[in-house]
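Report on the structure given below.
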């Protein structure tokens, strides 16, 4: 797909730049890009979308900034200009964090490992500093807006027209137009208005997910896998946030090379608080990454040892807008559709280790094994599906454990991908250096066997994988 192609090319170029570069080039970043969070995308970057001949004027940002300051009172203007000093310490802290991270990661040039805990701790500090900078922008800008007179507002709107700014509508992902995500009201974070419902902080969430068949972090009974009846797990949840209008459920597994998903169920009404064993008639099924069909497909790992499977229920402020057929609703698609709608989520993690095959028993899955509870028979009669330890699915004729040609589509490590904001400027000729830097942190950890999901890297691009085999 176009998204996958851009992802591959982006990280290939970044990896080359890393090998050919230096700590100085690793540390370089442009704090100006923070302005894209507050609307400058439509004034500076959006005209480049789909227009390869467009060039952003070098003085555009400074000239537009001076024009805005000219419409403000001295007090209002000081709220903007004072940000330089307010943010100085945090910006210098980011430089120090990036330098320390780059120094650690460049040890991979000569060493087989680095101190992962140190890198992740530095990355967490980076995220904290970046958040502080955005906070100061938002609070000061909100204060300026609240103090504008009607005449000033008219003058500033006229400035937008004078600078040929485009309407604040629509968003882009890698220069491709996408639907504008719905954003919940966050004004309360900046002292404007109040949050609906009681504030719930990390570690204090009352939104929980249970199952009558397995405890959190417990062993998943075989009946809910391909080794048993391939049933869907009964689930129930409580404590959903105020304003929940819809739910979605995803079951997935983080394999070493990619994310697999087995069950997507969305458009669950907001008054539903449980799903029965082999539930039906509730919500809409999305696809799974095992065979790409719109159905539940039980986990059927071919690798040794326990695997962790995660059931997640999402509480949404509205039902997600889906414009594709259920068979095309992958984990990537549903997560993108839920962006801006998620009020909260709850997880149930379970583990399962498949029984070892007895001596002489083939690991080949034949027709009927692992059959979905939704009635899909999978392969045609007499055809064998061989899942090798290299995570590719093949079809072969004859007997035994022969390997067939792989049919699975290659994917980009979803946890090693960090995208831009909803209004991405990637591919527009205007780079976002530090978003790629953060992605490079995860990418380097991943390719060196030190893969880790950073808590502040949950957003961004994830790739759809249709028709790939189960996890290893």
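Taking the residues in region 74-108 that are more than 28 Å from the chain's Cα centre (by Cα) and in contact (Cβ under 8 Å) with a residue 60 or more places away in the chain as candidates, determine which candidate is surrounded by the fewest Cβ atoms within 10 Å (Cβ to Cβ).
The selected residue is 75.
Restricting the search to region 42-73, which residues are under 34 Å from the mean Cα position of the chain (by Cα) and closer than 26 Å to residue 146 by Cβ?
Those that are under 34 Å from the mean Cα position of the chain (by Cα) and closer than 26 Å to residue 146 by Cβ: 42, 43, 44, 61, 62, 64, 65.
All but one of (1) free of Cβ contacts under 8 Å to residues at least 60 places away in the same chain; (2) within 28 Å of residue 239 (Cα to Cα) hold for residue 304; state the number of the condition that does not hold.
Every listed condition holds for residue 304 apart from (2).
Residues that are at pLDDT 90 or above, closer than 20 Å to residue 207 by Cβ and not in a strand (DSSP E or B): does region 342-364 have at least one?
Within region 342-364, not a single residue is at pLDDT 90 or above, closer than 20 Å to residue 207 by Cβ and not in a strand (DSSP E or B).
What's the total number of residues in region 109-129 that are buried (at least 17 other Cβ atoms within 10 Å of the Cβ) and either without any contact (Cβ under 8 Å) to a residue 40 or more places away in the chain or within 17 Å of residue 78 (Cα to Cα) (or both)?
Number of matching residues: 2.
Take the residues in region 212-271 that are out of contact with any helix residue (DSSP H, G or I) (no Cβ under 8 Å at 6 or more places or on another chain) and on the phi > 0 side of the Ramachandran plot, then tell me which one is surrounded by the most Cβ atoms within 10 Å (Cβ to Cβ).
267
The values are calculated or read from the model by the stated rules, or taken from the named source; none is laboratory data. None of these values were measured; they are calculated from a predicted model. Heads up, the Cβs are rebuilt from the backbone with ideal geometry, glycines too, and the neighbour counts pull from every protein chain shown.
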